[in-house]
Structures are given as structure tokens and as C-alpha cells.
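Notes follow the structure.
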Amino acid sequence: MSETEELNWHDATKVSKLKNGKKKMLTVKGKMILLGMHDGAYFATEALCRHMRWPLSWGGKVKDDCIRCPLHQTTHKLSDGELVEWSPFPLFPPYGRLLGKMSRKKDLKVYNTRVLDSKIQVQF
Ligand code: FES
């Protein structure tokens, strides 16, 4: 994103639709995001794993303020999306090990969140 590009807040869902410990994939203004609540705080990231585009809402685990993809265990920090571990467990699909080596390591995009008028908003 260029420095001149303006960030805007967008409604993602109602506060009542997301309980602590839950996460869901949503499309907000045409962008697929993962929105969740962990330890009482909201987080939002891009929806698909950076390794092989697995939807993180399908089995992604939040632990130690990180999100871990269930497929090959790629792990990112929730605070800024920094890569912690890249595809350490590429057993499925079988070509995962090869792709894990070939694909370039990337951080996960994270988005700011806030609550306004009983709605969770994300910023991008
Ligand atoms: S698709 Fe997520 S770690 Fe491979």
C-alpha cells in the first residue's frame, strides 16, 4: 500500500455475532478476511494462509498470540502478522513439502479492528 492510500474503517459484523474464542471468514468490501476474538480482544487477518491459501477459519488455531494453519502449521503473530514458522509440517497434501520449499516466505496481513455502534470494524 502506498503512503498516500487512505485507510478506512468498514463494518465486518455485529458484536453479538462473534463470541470469545471464535473466528470466522467474512468478505468485507470484496476482501476476504479472518475475524476473530481471542482473550477478549478482536483480531483480523487476511483469510487465507500465505503458504498454500488454506482458509484459516477452517481449523486455524490461536495460541500464544499467534495463529497457526492446520495444514502445514505455518504460524504468524497476530499482532503484526510476522512469520514465526513456515510450513514445518508439510505432510498433506503430499506435494506440500515441495511447495513449502519453493514458495517464498511471507508475513500475514493483519488489520486493525475497533467496535463502533455494536459493530466490529476492520481498517484497510
Ligand atoms: S496451507 Fe497453511 S501451512 Fe500450508
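Summary of computed values
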{"quantity": "All positions within segment 47-92 that are of a type in the set (A, V, I, L, M), free of Cβ contacts under 8 Å to residues at least 40 places away in the same chain and in contact with a Ser or Thr (Cβ under 9 Å, 6 or more places away or on another chain)", "calculated": "A47, L56, L71, L83, V84"}
{"quantity": "Total residues in segment 11-61, condition part of a strand (DSSP E or B), farther than 20 Å from W86 by Cβ and of a type in the set (K, R)", "calculated": "4"}
{"quantity": "Unmet criterion (only one of (1) touching a residue at least 60 places away in the same chain (Cβ under 8 Å); (2) touching an Asp or Glu at 6+ places or on another chain (Cβ under 6 Å)) for A44", "calculated": "(2)"}
{"quantity": "Residue count for segment 3-54, restricted to those that are over 15 Å from V110 (Cα atoms) and within 16 Å of the ligand (Cβ to nearest atom)", "calculated": "4"}
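Rundown of residues vs (1) modelled with pLDDT under 80; (2) hydrophobic (A, V, I, L, M, F, W, C); (3) open to solvent by 40 Å² or more (accessible area, probe 1.4 Å); (4) touching a Phe, Trp or Tyr at 6+ places or on another chain (Cβ under 7 Å), yes/no style:
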residue: D65; (1), (2), (3), (4): no, no, yes, no
residue: L71; (1), (2), (3), (4): no, yes, no, yes
residue: T75; (1), (2), (3), (4): no, no, no, no
residue: S87; (1), (2), (3), (4): no, no, no, no
residue: L91; (1), (2), (3), (4): yes, yes, yes, no
residue: P94; (1), (2), (3), (4): yes, no, yes, no
residue: M102; (1), (2), (3), (4): yes, yes, yes, no
residue: L108; (1), (2), (3), (4): no, yes, no, no
residue: Y111; (1), (2), (3), (4): no, no, no, yes
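The values are calculated or read from the model by the stated rules, or taken from the named source; none is laboratory data. All values reported here derive from a predicted model rather than from experimental measurement. Neighbour counts are summed over all protein chains in view; Cβ atoms, including those assigned to glycine, are modelled from backbone coordinates with ideal geometry. Please note that ligands, DNA and RNA were not included when accessible areas were found on the heavy atoms of the full protein model with its side chains. Shrake-Rupley method; radii C 1.70, N 1.55, O 1.52, S 1.80 Å.
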